[in-house]
Amino acid sequence: MSDPDSHSPTGPKPPGRQLSRRGLTILLIIVAATPVVAVLYLWNTLPPVQQRPLKVALEQVDAIAPETSSGSQTVAPIDPAKRRVQFRNNSDEVWSNVAVTVNERFHFHRPGTLAPGEIVEIYLAQFAMRSGGHFDPAVIDVTSVEIAARLPSGARGLFAAEAPFNGETPETDAAH
């Protein structure tokens, strides 16, 4: 059997455009370098994110999950449903978009604004993971609290505290 294209009146078909080995190498380098160059460009040209510390008084954090005994002493059990985080806006500014994060995984968003001096009380059972799992106040200890809010200037304010919580922060010492 012979090639069917050899008997056609126009002759064999020429091959289509082909990329040379050098051309393919150059194309792959361009494809690989484009995202890197784009990230470096954005990193150097975008303005930095303004983030200021929030003046927060962390008034109460029921950090330890209830136990019937601690060592050799008996501790009065805490009702898990009443465990909470309580804080106060110690600044002179109104905050909006207040978000509280516990243990870097459990989140709570407080709608509306928070006036200067206003106290917020959030029960730990109200916190949830982004995947939908809820904070179980009967079992989980609180190891960290992070509070973020939008300030009137448009900047983002941030407060973070790690256990043990004593209610005082460097920002709040001057206010007491």
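Laboratory data are not the source of any read-out in this text; all were calculated from the coordinates shown. Just so it is clear, the model here is predicted, and its values are computed rather than measured. As a convention, Cβ positions derive from the backbone with ideal geometry for all residues, glycine included, and neighbour counts pool all protein chains shown.
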To the nearest 0.05, the calculated FRET efficiency linking H109 and I64 through their beta-carbon distance, R0 being 30 Å, is 0.75
Calculated FRET value between I119 and I78, using beta carbons and R₀ = 22 Å, to 0.05: 0.60
When Y123, Y41 are arranged by how many other beta-carbons sit within 10 Å of their Cβ, fewest first, they go Y41, Y123
Which of K82, K55 has the fewest Cβ neighbours within 10 Å, and the rest in rising order: K82, K55
Here the FRET efficiency for Q86 versus S131, based on Cβ atoms and R0 = 35 Å and rounded to 0.05, is 0.85
Would you please give the residues with an amide H less than 5 Å from that of H134, counting only those at least 5 places away or on a separate chain, with H modeled from the backbone geometry? M129
Test of understanding: ordering W43, W95 by Cβ neighbours within 10 Å, fewest first, what list do you get? W43, W95
